[in-house]
Amino acid sequence: MTTVTTSPAALVERILEIARRVRPDAGAAVLVRETSEAVLRWANSTMTTNGTTTDRTVGIVLLVPLSAGGTGAGVVRLSAPERLIGAADDHAGADATLEAAVREAVVAAERAGPARDAAELPAPTGPADTDFVAAAGETSAGVFTGLAAALADSFGSDHSAGFADHHVTTTWLGTTAGVRRRWVSPGGAVEVNLKDPATGSSVWGGRSSRDFADVDLPGLLGDLRSRLAWGRRRVALDAGHHETILPPSAVSDFMIYLAWSMGGRPAQEGRSALSRAGGTRVGEQLTTLPLTLAGDPDAPGFPGLTYEPVLATTSSGDEVSVFDNGAVTRRTEWLRDGRVGELAYPRAAAAEFAADGARFAPPSENLLLTGGSDASLEDMVASTRRGLLLTCLWYMREVDPETMLLTGLTRDGVYLVEDGEVTAEVNNFRFNESPLDLVRRATEAGATSRTLPREWKDWFTLAAMPPLRIPDFNMSSVSQAS
Amino acid sequence: MSIESAPAGRPDAVHEVDADFLALPLREVAAAALEAARAGGAEHADVRVHRIRSAVLELRDARVVTSSDTDEVGLAVRVLREGVWGFAAHVDLTPGTAAATARRALDVAATLAPVARETITLAAEPVHADATWVSPYDLDPFAVDPGERIALLTDRSAALLAAPGVDHVEAVCLQVKEQTFYADLAGTVTTQQRVRVDPGISITAVDRDGGGFESLRSIAPPVGRGWEYLTGTGWDWDAELAELPVLLAEKLAAPSVTAGPTDLVIDPTNLWLVIHESIGHATEYDRAIGYEAAYAGTSFATPDQLGTLRYGSDVLRVTGDRTVPHGLASVAYDDDGVSTAETGPFDLIRDGVLVGYQVDRSFAPRLGLERSNGCAYADSAGHVPLQRMANVSLSPDPHADTSTAELISRVEDGIYVVGDRSWSIDMQRYNFQFTGQRFYRISGGELAGQVRDVAYQATTTDFWGAMEAVGGPSTWRLGGAFTCGKAQPGQVAPVSHGCPSALFRGIDVLNTASEAGR
C-alpha cells in the first residue's frame, strides 16, 4: 500500500481508511479529480470572456451490504479544497468533514436498496501507479501564446468569433479492492467561425488538441477564408431528399449519438432502436460497406486520440456502474464490418445477459469509424455529379427513440457540388435522419481522419471519421439562418 | 382527460440562509480579493462565493439506479481593468488564495488587453449593502431523509408498474440548493439562497412480438419550490399519475397523424418551450449583436429592428421577469449585483412588435440603456457571469378569461398539443421543430381522441403571426427548464416561462414515421 500524507493521493487513502472504520463490510471507491483550465473566447473580432480556473472534487462511492440481501450504492461528491488535503497535523477538522461525507454515502446506500448492477469491485491488475502520489498537472493561459498572436493578426481582417480551451485533468482512483491509479488527461480544442458581412456567408472549423503545439491556426484560417469565397455565388434550394456528402465532423455527430444509444439493457428490454422483435439487433447487417465503429483506448493510427483504459465514475446507468470503478476497459466495436457489433453493458448486466453474448463494455472516450476507402473529402467532391456538401450540424435532438430519428440543422456552410466542383453556397436546412438509417443507406465512405464534432463537442472531442455519401439525405425544410 | 389547472400552493415558509454557508469565510475572502483587485488597478471587481448542492435520484422499475449528492463550492473573481475583462476561479476559500485569484484575473485582463478591440463600460447601478434573500419554499429538499425521498418515488413507480400495459417505469428527481455570496468594489454585498426541484416520471409499453415501444412522461414542470412540490403543493401528482397508464394505452391505439398545415391549440405545458427557444433566446442582446456567434448562435431579431420588427400577431405580449414566484430564474439580485425588484418585469414584445432585450450591466450601455434589467448569471464558481435568460413569459388575454376548451371550440379540424418532448431550432432562431407528449385530434370544436407521430415545424415570425388567440389568466401556467445551455465553456441556467393556452392557424405538421422513412 502506498503511504502518503499530503496530496490528493493521501486524501484517497484517508477516505478509504474512514470508510473501512465506519463500515468495515462495505466496498468503497474514492475518486479525486483536479482540473486546471484556461479559456479564450472572442466574438466580433475582439476578446470577450476569458480566464483560468482550478477545480478539485472528490467522489466517494460506498457499496454497502444490506441486511435484507443485496448491496446498495451511495455516492457523495464534494469540492476538495486544500483544507481537506492539508498538512498531516491539521487533519482533525478535515477528517470530520470526510467522515460525515462517508456516513452520508452509507445512509444513501442503505436507503437505496439492492442495486441491480451490484458486483464485487474489480481487483487491481497491477501494483499502484508509481506516480500515484504525484501532484496534479496544470495549464495556464500561456498555452495560447501562439494562438493569441495569430488571432491578433486575424482580427484586423476577419470577422471572427471562436473559442479555445485547454484543460489538464488529473484523476486519482483508489478502491478497497486495492486499485491505486493516477492518470493525467490533457485536452482541448479551438474552433473558429468566420463571417463575410458582404455575402452573409458563415464558415466554421475546429481542431482538438492535447497541448496546442499541433494547432496550425493560420492554416485553419486559410481554409475558412477559402470556404467563404464559395459564398460569392448563392443558390436557393428546396427541401427534399438530396445526395449529400457528410464531412467527418457531421459524421461524428451522428456516430456519437449512435454510440451513446448502444445501451444493452434497453435493447434487451425492447425499449431501444437497437431492439427488434424477440431480441436485439446485434449481428444485424446495416450496410455492405465494411464499416467499423469502435471506441479504443489505444486509438490505432490516431495517437492524439488515446485515453486511459480505466473506468472511473460516480454515477450508474444503463451503460456504466459505480461497482465497476477500477475495471480495465477495452476496445469496443459498436459496429463491426457493417453489422451491429456489440452493446454497452456494466459487468453485472453483462453477466445477466451472458447467454446472449453480452460482455463488459463501458462507453468509450473516443470514437473511430473506419473501413472506408482512401478517398479524401476532396476526392468525393470530385466524383459527385450533383449533390450537397455540408460543413457541420447543429441542435440535434431525438424525435423518435423507436427509430433513433434525430432532427437538427445544417450550419456554417452548405455547398452545391456540380460536376465535381463546389459551384455555390446554398441555404441551410432542417433535417430529420436516423444515424442507423444513414449507415444503412450510405453508398460511399472515404478515408478516416481526426475531426472535431460540432454539436457534441462539449462532451466529446476525440473522434476520427470518414466522409460519407448519402444518396437521399432528408432535408425536411429550409432554414433562413445564415 | 383534464385540461384544467393544478391546485394552487399553500403559503410558503420563511427560511434563512443556511448557517454552514454563512460560516464560510465569505467576507474575509471577498475583502482579500477586492483589495488585490483594487491594488492591481481594476476599475471594477466582483467576488462570488458560489455553492451548488445538488442531488440526483433515479429509479428504474422501482429500483434505485443512482442516488448521489454533490456539494461544490468555490470562489470566482472578475475584474475589469482598462475596459478588459479578466476572470479567475479557485476551489480554495482562503484570503490568500482569493488575493492570488484576483491577481490571476488581473493577469488575464492585462495579457488580453493588446488583443481586445473594444472596451467594456458597465451601467451604473445603486449599491446594495448587505442584502439577503431566500427563495420561497416550504421544505428544504436536502432536509428530507433519502429514505423518504426514495420511498415516495418507489411507491409511485410500483403503482405504475402494476398498471395494465405498463412494462417499464423511470422516475427521476433532481434537486438543487444554490447559495451565492456576492461583493463588489462599489460596496454591494448580497447573500442569497434558493432551491429548485425537477421531478419526472415516465412509463413505457413494449410490444415484444412486434418490436416496438412507446412511452409517456409526466408533464409537471421543474419549479423553484422545495420537497413539498412532490407531495402535492403546486401539482396534483396523484391525479396525473393515475391518468398516465390510460393515456399511454390511448396513445398506443391512436392513428398516425396526417401531415400538412393544421390548426393547433397548444397547451402551456408545450408552449413554454417554444417561447424559450424562439423568443427567450432570440431576445438576448448579447446574441443579437454577435457575442454567441460561434456557439449558441445569433438572432434574427437584430437591434436595428427594435420597435419595428413584427414578431407576431397583435395578441403577442411577452415580458422578462426575474421576480415571478417559484420561477427558476427568479432571484433578488443578479450576478452583477443588480436588484431585480428595481428592474421589475420588462417588455420584450408588445402588441406583436419587438420592443426590448434582455441585458446585463455590460450590454445595457451598448443598447443605450442607463440600467441593466438584471440578467447576469453564472452557473458555478468556475464560470464567469453572462447575460442569461430571465423568466420570459407570454401574457394571457387581459380582456377575457378564455378557457382552453373555448379555444378548442373554435377549431373545426386541428390538433391539441400537450407536454413537451423533442425540440430544435436554428442558430438564428428562425426554423424550429417540436414534438410533444400527447396530441389530440380536434374535430368540430371538440377533442376526438389521440393521434401519434406528430411534430410541428415553423419559422418563428410566421408561427407567432399565426397566433389568433391566447387563453385567459386561468389557463396561464409556469413551465421551465433546469439546464438551459449557453456559452463556452458551457454553462447551464434554470429558467421558467409562463404562458396561457393559445390558438394557432395553419401550422405545418409532420408525420415523424414518414420522416423516418417508414
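Starting from the coordinates of the alpha-carbon atoms of chain A, obtain the Kirkwood hydrodynamic radius over all distinct pairs and give the value in Å to one decimal.
One over the average 1/r among Cα pairs gives 24.4 Å for chain A.
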Alpha carbon convex hull of segment A:223-348, projected area averaged over orientations, nm²: 11.9 nm²
Listed residue (B:Leu510, B:Gly444, B:Leu478) projecting farthest to the positive dipole end of segment B:382-518, Cβ model: B:Leu478
Translational diffusion of segment B:290-360, µm² s⁻¹ [Kirkwood Rh, Cα pairs; Stokes-Einstein; 20 °C; 1.002 mPa s]: 157 µm²/s
For B:417-430, mean number of other protein chain Cβ atoms within 10 Å: 6
Cα-based convex hull, segment B:351-468, per residue volume (Å³, whole number): 167 Å³
Sequence-distant lysines (8 or more away, or on other chains) whose Cα lies within less than 24 Å of B:Lys177: B:Lys486
Averaged over A:105-114, number of beta-carbon atoms from partner chains that fall within 10 Å: 6
Kirkwood Rh, Cα atoms: Rg over Rh of segment A:83-234: 1.20
List of segment B:444-468 residues, accessible area with partners at least 30 Å² below that of the chain alone (1.4 Å probe): B:Gln457
Amide N proximity, segment B:13-45 versus B:Thr119 label position 7 Å along Cα-to-Cβ, cut-off under 18 Å: B:38, B:40-45
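Between B and A, buried accessible area summed over both sides at probe 1.4 Å, in Å² to the nearest 100?
Interface area, both chains combined: 7000 Å², rounded to the nearest 100.
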Amide N proximity, segment A:150-181 versus A:Thr125 label position 7 Å along Cα-to-Cβ, cut-off under 14 Å: A:179-181
Mean ellipticity per residue at 222 nm, deg cm²/dmol - from DSSP H runs of n ≥ 4 across chain B, formula -39500 (n - 2.57): -5500 deg cm²/dmol
Cα-based Rg and Dmax for segment A:323-482, where Dmax is the largest Cα-Cα distance (Å): 18.1, 56
Ratio of Rg to Rh over segment B:93-226 (Cα coordinates, Kirkwood Rh, two decimals): 1.21
DSSP-assigned coil residues among chymotrypsin sites (Phe, Trp or Tyr not before Pro) in segment B:458-518, each with at most 11 further Cβ atoms within 10 Å: none
Pairwise label distance in nanometres, B:Ala23 with A:Ala355, each label 7 Å out on the Cα-Cβ vector: 5.5 nm
Net charge dipole size for the protein assembly as shown [Lys, Arg +1 and Asp, Glu -1 on Cβ; Debye, nearest 20]: 900 debye
Ranking by accessible area, most exposed first, for A:Arg210, B:Arg310 with a 1.4 Å probe: B:Arg310, A:Arg210
Segment A:316-343-segment B:260-295 distance, computed between alpha-carbon centres (Å): 37 Å
Alpha-carbon Debye profile of segment A:200-284, log10 I(q)/I(0) at 0.11, 0.12, 0.26 Å⁻¹: -0.61, -0.68, -1.28
Accessible area per residue, Å², the protein assembly as shown with all protein chains present, probe 1.4 Å: 33 Å²
Relative contact order (percent, whole number), chain B, Cα cutoff 8 Å, 6+ residue spacing: 16 percent
Equivalent-ellipsoid semi-axes of the protein assembly as shown, from the Cα gyration tensor, Å, largest first: 38, 35, 33
Kirkwood hydrodynamic radius of chain B, Cα pairs, Å: 24.2 Å
All aspartates and glutamates inside 12 Å of A:Lys195 as judged from Cα atoms, apart from same-chain residues fewer than 8 positions distant: A:Asp158, A:Asp412
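Given Cβ point charges of +1 (Lys, Arg) and -1 (Asp, Glu) and nothing else, what value in debye, to the nearest 20, does the dipole of segment A:226-369 about its Cα centre take? All intermediate terms of the calculation are to be shown ahead of the outcome.
Details: 14 positive and 17 negative charges, 106 e Å.
Magnitude of the dipole: close to 500 debye.
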log₁₀ of I(q)/I(0) at q = 0.09 Å⁻¹ - segment B:268-404, Debye sum with one point per alpha carbon: -0.26
Cβ-placed point charges (K, R +1; D, E -1), dipole of chain B about Cα centre in debye, nearest 20: 880 debye
Cα gyration tensor shape of segment B:396-518, rounded if a/c is under 1.5, else prolate or oblate by comparing a/b with b/c: oblate
Volume of the Cα convex hull of segment A:154-209, divided per residue and given in Å³: 86 Å³
Compactness index (Cα Rg / 2.2 N^0.38 Å), segment B:177-299: 1.55
Fraction of accessible area attributable to carbon and sulfur, the protein assembly as shown (%, probe 1.4 Å): 51 percent
Rounded accessible area of A:Trp183 (nearest 10 Å², 1.4 Å probe): 20 Å²
Centroid-to-centroid separation of segment B:331-361 and segment A:93-155 [C-alpha atoms, Å]: 39 Å
Dipole axis of the protein assembly as shown (+1 Lys, Arg; -1 Asp, Glu on Cβ), positive-most option in B:Val73, B:Tyr377, A:Leu436: A:Leu436
Segment A:101-142: Cα Rg divided by the 2.2 N^0.38 Å rule of thumb: 1.96
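Sort largest first and round to whole Å: the equivalent ellipsoid semi-axes of segment A:110-167, each the square root of five times a Cα gyration tensor eigenvalue.
Values: eigenvalues 443, 90, 18 Å².
Ellipsoid half-lengths, sorted descending, are 47, 21, 10 Å.
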Cα extents of segment B:442-484 along the three principal axes, largest first (Å): 36, 28, 25
At R0 = 60 Å, FRET efficiency that the Cβ-Cβ distance of B:Val246 and A:Ala177 yields, to 0.05: 0.80
Within-13-Å neighbourhood charge of A:Val439 [Cβ basis; K, R +1; D, E -1]: +1
Residue-count net charge about B:Ile442 - beta-carbon cut-off 9 Å; Lys, Arg +1, Asp, Glu -1: -3
Cut-off 14 Å between beta-carbons: net charge of the residues surrounding A:Arg207, Lys and Arg +1, Asp and Glu -1: -2
Debye equation applied to the C-alpha atoms of segment B:359-409, log10 I(q)/I(0) at 0.26, 0.27 Å⁻¹: -1.00, -1.04
Translational diffusion coefficient (Stokes-Einstein; Kirkwood radius from C-alpha pairs) of segment B:453-518 at 37 °C, 0.692 mPa s, in µm²/s: 222 µm²/s
Centre separation in Å (Cα based) which lies between segment B:155-180 and segment A:421-438: 38 Å
Directionally averaged projected area (convex hull, Cα atoms, segment A:177-221), nm²: 5.0 nm²
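The values are calculated or read from the model by the stated rules, or taken from the named source; none is laboratory data. Just so it is clear, the structure is predicted and the values come from calculations on it, not from any experiment. Please note: Cβ atoms are built from the backbone with ideal geometry, for glycine as well, and neighbour counts cover all protein chains shown. These accessible areas exclude ligands, DNA and RNA; they are computed on the full protein's heavy atoms, side chains included. Shrake-Rupley method; radii C 1.70, N 1.55, O 1.52, S 1.80 Å.
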